[in-house]
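The values are calculated or read from the model by the stated rules, or taken from the named source; none is laboratory data. Worth saying up front: this structure is predicted, and the values here are computed from it rather than measured. Cβ coordinates were reconstructed from backbone atoms using ideal geometry, including for glycine residues, and neighbour counts include every protein chain displayed.
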Amino acid sequence: MSEARFELRTRNQAGKRFDSYWRCLIGHTQQVNSVAVTPDGQQVISGSADGTVKIWDLQTGKETRTLTGHKNMVKAVAVTPDGQQVISGAADGTVKIWDLQTGKELRTLAAHQGWVNAVAVTPDGQGVISASADGTLKLWDLIKGTNRLTLTGHNAWINSIAVTPDGKGFISASADGTLKLWDLVNGKLRLILSGHTNWVMSVAVMPNGREAISASVDGTLKLWDLTKDTLSTAITGHIKQVNAIVLKADGQSAISASADGILNLWDLISGTIQHTLSVHTSSITAIALTEDGRWAISGGEDGTLKMWDITNGTARLTLNAHTNGVTAIAVTKDGQQAISASGSILKVWDLLSGTTLLTLTGQTGVVSALAMTFEGRYVLCGCDDGTLRLWKLTSDAQGSTLIGHTDAVWAVALTPDGRLAISSSGDRTLKLWDLVSGKELCNLNGHSSFVNAVAVTSDGRLVISVSDDNTLKVWNLQTLEVIACFTGESALKCCAVAPDGVTIAAGEASGQVHFIRLENMDKL
């Protein structure tokens with residue numbers, strides 16, 4: 001699996017604007033639609049809505065030539081690998097070839113019935129590809145000026161093209177939401193890459209030629225594995241919604257639990273499933289890991305708790321825990337006890353004997369989330385009546401009640417020192433609480449729908465939240481600002497973060513599991 005290494009929608013370290021620039025090139029009278037740099041890095045070519053192509057000297061910042069001839073806005077420009085010729089595509093449907101040194105127009109190709117939105121040159125400098133709003137791609141012999149192939153397959157505008165480094169293929173990005181990988185020799189379609197939910201505006205191929213990155217109007221960047229026809233950052237391992245996910249302490253393995261009744265154990269290095277366990281007769285609604293990472297405890301709508309050996313996938317213990325579905329599970333740090341929630345009831349279990357140690361009742365709402373303090377003395381639960389309640393595990397005495405949410409609390413998490421709690425709710429907010437005083441410290445606003453899950457990094461600096469708005473957000477707990485954002489294809493239902501604070505796992509309603517790496521978070 002190729003890891004997704006990104007900082008999306010981030011702010012800079014100090015929250016300052018970076019307004020400095022080296023040169024400002026002024027000359028076009030309307031918007032600039034495209035730019036290209038010559039191979040020697042000395043000149044820039046720009047194409048504008050004013051219908052012109054301009055050549056600039058980067059050292060002096062001066063305009064050296066203006067190329068005129070297009071009858072409408074210039075949408076795209078490219079330079080041949082030898083730096084001798086400029087290719088331009090325009091809304092007049094033509095592609096023009098120019099001599100970079102003299103500015104002379106060498107050839108005009110009456111290319112398309114619609115705007116030419118993109119042009120690209122093959123690595124050998126002998127071919128040109130043009131992409132149009134008419135939905136077609138054309139391959140041209142640059143030496144002869146003849147049309148070698150016309151490719152169809154997209155059912156909307158084609159906005160961008162990128163050639164693979166080996167010159168054997170190219171990718172087109174379209175307003176139909178797809179990307180297509182084509183064979184540059186015979187024009188055959190190799191792959192269709194589907195995943196964006198709106199227009200794909202741009203595409204680029206990585207230098208290794210095996211991956212491509214695309215940008216869309218849906219607000220996402222997607223990294224694709226061209227050898228497997230998959231999103232490198234997303235893996236489909238379940239046929240139904242992923243309800244819960246946990247990461248092992250080494251950050252190299254994860255376990256996902258789904259409405260399909262299956263637990264999948266993932267190897268994050270290879271991106272493969274190591275074990276698939278059909279563990280419950282109905283949807284698995286909760287999962288927790290012991291501190292040593294060997295045992296997993298799962299809870300299902302069938303009301304049972306099951307304990308599994310992660311090393312070989314065998315069952316150690318089955319508890320007929322509740323008469324209704326299990327909604328949440330937490331495990332003590334020593335791995336000796338587990339707490340399960342069903343309806344408004346909490347039960348504390350001895351995992352060695354399988355017996356019930358304590359039953360806590362009296363809550364007015366259904367418990368939807370659990371989090372345990374580091375020393376294992378208290379458990380915090382979130383309820384569908386919008387409240388949070390702190391229980392002491394050594395007796396049936398109820399602790400403080402935290403009131404503030406206006407809708408159901410779907411998830412809770414604690415900072416490592418156990419002093420602060422973060423809750424997420426159907427009211428679209430996250431709240432930060434002081435567990436000592438029981439006071440609400442602040443609101444975190446940013447999601448536009450239910451916030452389904454929340455996690456805290458092991459250093460207590462960052463909070464991760466996922467929502468029905470399809471987004472995962474990373475928050476700085478000191479500044480209370482969103483510092484990174486990832487968008488999935490459907491509602492994100494669960495999340496977990498590894499002890500390294502870099503590896504994040506998130507599960508979708510679609511059944512996809514995302515494994516995400518956040519780089520340079522230590523600089524924020």
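Brief remarks follow.
- Unmet criterion (only one of (1) part of a strand (DSSP E or B); (2) under 20 Å from Glu291 (Cα atoms)) for Asn443: (2)
- Boolean, Lys180 is in the same structural domain as Asn117 (by TED's automatic domain parsing), within 18 Å of Thr108 (Cβ to Cβ) and of a type in the set (Lys, Arg): no
- Strands (runs of 3 or more DSSP E) lying entirely in region 243-360 (those with 3 or more residues that are closer than 21 Å to Ala498 by Cα and assigned by TED's automatic domain parsing to the domain that holds Gly382): 253-258, 262-267, 272-278, 284-289, 295-300, 328-331
- Some residue of region 493-502 being among the charged types (D, E, K, R), assigned by TED's automatic domain parsing to the domain that holds Val367, surrounded by fewer than 19 Cβ atoms within 10 Å (Cβ to Cβ) and modelled with pLDDT of 90 or more: no
- For region 298-317, a residue qualifies if it is hydroxyl-bearing (Ser, Thr, Tyr) and modelled with pLDDT of 85 or more, and the qualifying residues are Ser298, Thr304.
- Which listed residue is modelled with pLDDT of 85 or more, part of a strand (DSSP E or B) and not assigned by TED's automatic domain parsing to the domain that holds Arg517, from Ser172, Ser214: Ser172
- Where a residue in region 455-480 is closer than 15 Å to Ala505 by Cβ and its partner, wherever it lies, is of a type in the set (Asp, Glu) and modelled with pLDDT under 90, with Cβ under 8 Å and at least six apart: Ser458/Asp500
- Residue within region 391-407 that is surrounded by fewer than 17 Cβ atoms within 10 Å (Cβ to Cβ), modelled with pLDDT of 90 or more, more than 19 Å from Ser437 (Cα to Cα) and assigned by TED's automatic domain parsing to the domain that holds Leu435 present: yes
- Of all the residues in region 165-201, those that are within 17 Å of the chain's Cα centre (by Cα) and among the hydroxyl-bearing types (Ser, Thr, Tyr) number 2.
- Ala91 vs. criteria assigned by TED's automatic domain parsing to the domain that holds Asn159, among the aliphatic types (A, V, I, L, M) and over 24 Å from Gly167 (Cβ atoms): yes
- Flag for Val119 being farther than 23 Å from Asn147 by Cβ, in a strand (DSSP E or B) and under 38 Å from the mean Cα position of the chain (by Cα): no
- Residue check for Ser448: at pLDDT below 90 and either in a loop (DSSP other than H, G, I, E, B) or not assigned by TED's automatic domain parsing to the domain that holds Thr327 (or both): no
- Any hit, region 136-145, residues being within 35 Å of the chain's Cα centre (by Cα), acidic (Asp, Glu) and surrounded by fewer than 20 Cβ atoms within 10 Å (Cβ to Cβ): no
- Under the condition of being under 22 Å from Thr80 (Cβ atoms) and buried (at least 16 other Cβ atoms within 10 Å of the Cβ), the residues counted in region 150-177 number 12.
- Asp427 fulfils the conditions (1) touching a His at 6+ places or on another chain (Cβ under 7 Å); (2) assigned to a strand (DSSP E or B) except for a single criterion, (2).
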